[in-house]
1. So, of the residues in segment 1-22 that are part of a helix (DSSP H, G or I) and of a type in the set (Gly, Ala, Ser), which turns out to be nearest to the chain's Cα centre (by Cα)?
2. Could you run through segment 28-37 and say how many residues are surrounded by fewer than 10 Cβ atoms within 10 Å (Cβ to Cβ) and either modelled with pLDDT of 95 or more or of a type in the set (Ser, Thr, Tyr) (or both)?
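The values are calculated or read from the model by the stated rules, or taken from the named source; none is laboratory data. These figures come from a predicted structure and were not determined experimentally. Here the Cβ positions follow ideal geometry from the backbone for every residue, glycine too, while neighbour counts run over all protein chains shown.
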Amino acid sequence: MSRYSMEPAEIDAVHDRTTVLGNELVDQYEAVRRPLATAGDATGGSGLVDLAG
């Protein structure tokens, strides 16, 4: 049977990398969401553009 060796420093490193990538994903989501919300407002709050925001 295989054994796993878990080192706290390695776990912390994976956690840190995952946090950085997660924050980048949130930033990208916000960068897309803001223009869609603005476009939805510009259409008077109707239509597919508003639903996408």
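1. Step one: of segment 1-22, the residues part of a helix (DSSP H, G or I) are 8-22.
Subset that is of a type in the set (Gly, Ala, Ser): 9, 13, 22.
Details: Ala9: 25, Ala13: 20, Gly22: 6 Å.
Across segment 1-22, the extreme among qualifying residues is Gly22.
2. Narrowing segment 28-37 to residues surrounded by fewer than 10 Cβ atoms within 10 Å (Cβ to Cβ): 30-31.
From what's left, either modelled with pLDDT of 95 or more or of a type in the set (Ser, Thr, Tyr) (or both): none.
Here the count works out to 0.
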